1. Among the numbered conditions (1) of a type in the set (Ser, Thr, Tyr); (2) within 26 Å of residue 2 (Cα to Cα); (3) not in a helix (DSSP H, G or I), tell me where residue 85 comes up short.
2. Checking residue 67 against (1) modelled with pLDDT of 95 or more; (2) touching a Leu at 6+ places or on another chain (Cβ under 8 Å), which test does it fail?
3. Of all residues in region 70-92 being modelled with pLDDT under 95 and among the β-branched types (Val, Ile, Thr), which is surrounded by the fewest Cβ atoms within 10 Å (Cβ to Cβ)?
4. Which of the residues spanning region 90-121 are under 19 Å from residue 26 (Cα atoms), of a type outside the set (A, V, I, L, M, F, W, C) and under 9 Å from the mean Cα position of the chain (by Cα)?
5. For residue 95, are the conditions met, namely being surrounded by 12 or more Cβ atoms within 10 Å (Cβ to Cβ) and not basic (Lys, Arg)?
6. Counting only residues that are of a type in the set (D, E, K, R) and over 19 Å from residue 86 (Cβ atoms), give me the helices (runs of 4 or more DSSP H) lying completely in region 3-71 with at least 1 of them.
7. It is to be established whether one or more residues within region 35-47 are surrounded by 16 or more Cβ atoms within 10 Å (Cβ to Cβ) and in contact (Cβ under 8 Å) with a residue 60 or more places away in the chain.
Amino acid sequence: MKADNINVLALAYLGDSVYDLYIREYLIGKNIVNVNELQSESIKYVSAKSQSYYLDKISEFLTEKELDIVKRGRNHKSHKAPKNTDISTYKNATGLETLIGYLYLEDKVRLDEIMKLIERDD
């Protein structure tokens, strides 16, 4: 399956799941075993606001191709943002999810590098 042939929102959908899995694995690896605490900690990474923040944080480390993928995800026409965030934040989060989905299909080594940059923030 070639990521370049997949709809942007499908890549974001996949990226959302992959991102969530990486974060859950990371938090469990920090020896957080209480489910309520895991949920509380994961929100620091998986909310649209957090994803937008992390996209800004890693942007300087992205290649031109990766930035293009982010822009494709961010610029895809969406009807409206969820009620708890503004449209700009939501679009940035979608851009990050699109990148994660793309890298999951095309370059898992690079995906690991990007996720390490995100995880290193705490």
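The values are calculated or read from the model by the stated rules, or taken from the named source; none is laboratory data. These figures come from a predicted structure and were not determined experimentally. Ideal geometry is used to build each Cβ from the backbone, glycine not excepted, and the neighbour counts take in all protein chains shown.
1. Of the numbered conditions (1) of a type in the set (Ser, Thr, Tyr); (2) within 26 Å of residue 2 (Cα to Cα); (3) not in a helix (DSSP H, G or I), the odd one out for residue 85 is (2).
2. The failed condition is (2).
3. Restricting to residues being modelled with pLDDT under 95 and among the β-branched types (Val, Ile, Thr), the top hit is 87.
4. 97, 101
5. On the way: surrounded by 12 or more Cβ atoms within 10 Å (Cβ to Cβ): yes; not basic (Lys, Arg): yes.
Yes: the conditions hold for residue 95.
6. Numbers: elements: 8-29, 35-46, 48-58.
Of the helices (runs of 4 or more DSSP H) lying wholly inside region 3-71, those with at least 1 residues that are of a type in the set (D, E, K, R) and over 19 Å from residue 86 (Cβ atoms) span 8-29, 35-46.
7. yes
This table checks each residue for (1) buried (at least 21 other Cβ atoms within 10 Å of the Cβ); (2) touching a residue at least 24 places away in the same chain (Cβ under 8 Å).
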residue: 52; (1), (2): yes, yes
residue: 59; (1), (2): no, no
residue: 67; (1), (2): no, no
residue: 108; (1), (2): no, no
residue: 111; (1), (2): yes, yes
residue: 119; (1), (2): no, yes
